[in-house]
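Report on the structure given below.
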Amino acid sequence: MTQRVDLSTVMDRISIDAVITGYAVAVDDGEWADYRALFTSDGRADYRAAGGIEGPASEVAQWLSQTMLLFPVRQHLIVNRRLDLQDLGGYPGDGALVQADYLNPMRLGNDAEAAGNGGDESRATAPNFVSGGRYAFDLVRTDSGWQIRGVTVQEKWRSLSGALAAG
């Protein structure tokens, strides 16, 4: 490989990492237009293994916008990213696969624990729903840069605590 190809590969890796981080931020912040923009026009998302839906990213974004209202506090941590760039005989191609683990603590709105804090829900910070698993992202280089063609969530575990466990 030439130095120019090496630099291109590094830039691809940085750009892809930004897309994956953007995905987590968009979901956590409820920025559904940003979420949609991360996907190709035919991009799909599959959340069935976590109790969700599968379909075009625009439809999944609509479903998420309603479902995430239950969890006004959420934070996706996406770690252990394994990135495989398409290799065209020593030159990078226009496709990439990313496998990444996630930890997702969330807090339900109107939680009973808030009553113990004088009704101030913002002071009730411990998550009462946490899940973990693995994402599989399929990305493609487009004229707009790297975008997600598909993402599949494989939830491996979940934990409920507080009022949820008692209910």
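The values are calculated or read from the model by the stated rules, or taken from the named source; none is laboratory data. All values reported here derive from a predicted model rather than from experimental measurement. All Cβ positions, glycine included, derive from the backbone under ideal geometry; neighbour counts span all protein chains shown. SASA here: full protein model, heavy atoms, side chains in, ligands and nucleic acids out. Shrake-Rupley method; radii C 1.70, N 1.55, O 1.52, S 1.80 Å.
Couple of notes before you dig in:
- For region 66-92, residues that are modelled with pLDDT of 90 or more and within 24 Å of W146 (Cβ to Cβ) total 12.
- Checking every residue in region 62-72 against the condition of being under 18 Å from K156 (Cα atoms) and in contact with a strand residue (DSSP E or B) (Cβ under 6 Å, 6 or more places away or on another chain) gives zero matches.
- Subset of region 53-87 [touching a residue at least 24 places away in the same chain (Cβ under 8 Å) and in a strand (DSSP E or B)]: V73, R74, L77, I78, V79, R81, L83, L85
- Qualifying position, being buried (at least 17 other Cβ atoms within 10 Å of the Cβ), modelled with pLDDT under 95 and more than 30 Å from D12 (Cβ to Cβ), among L160, L108, L164: L108
- Those residues of region 21-42 which are of a type in the set (S, T, N, Q) and either surrounded by 15 or more Cβ atoms within 10 Å (Cβ to Cβ) or over 14 Å from the mean Cα position of the chain (by Cα) (or both), in sequence order: T40, S41
- Selected residue [over 24 Å from Y47 (Cβ atoms), at pLDDT 85 or above, open to solvent by 20 Å² or more (accessible area, probe 1.4 Å) and in a strand (DSSP E or B)] from R149, R141: R141
- Unmet requirement for Y23, which otherwise passes all of (1) touching a helix residue (DSSP H, G or I) at 6+ places or on another chain (Cβ under 9 Å); (2) more than 25 Å from L160 (Cα to Cα): (2)
- If you check A45, A18, A57 for being within 17 Å of V98 (Cα to Cα), surrounded by 17 or more Cβ atoms within 10 Å (Cβ to Cβ) and either at pLDDT below 95 or not aromatic (F, W, Y) (or both), only one passes: A45.
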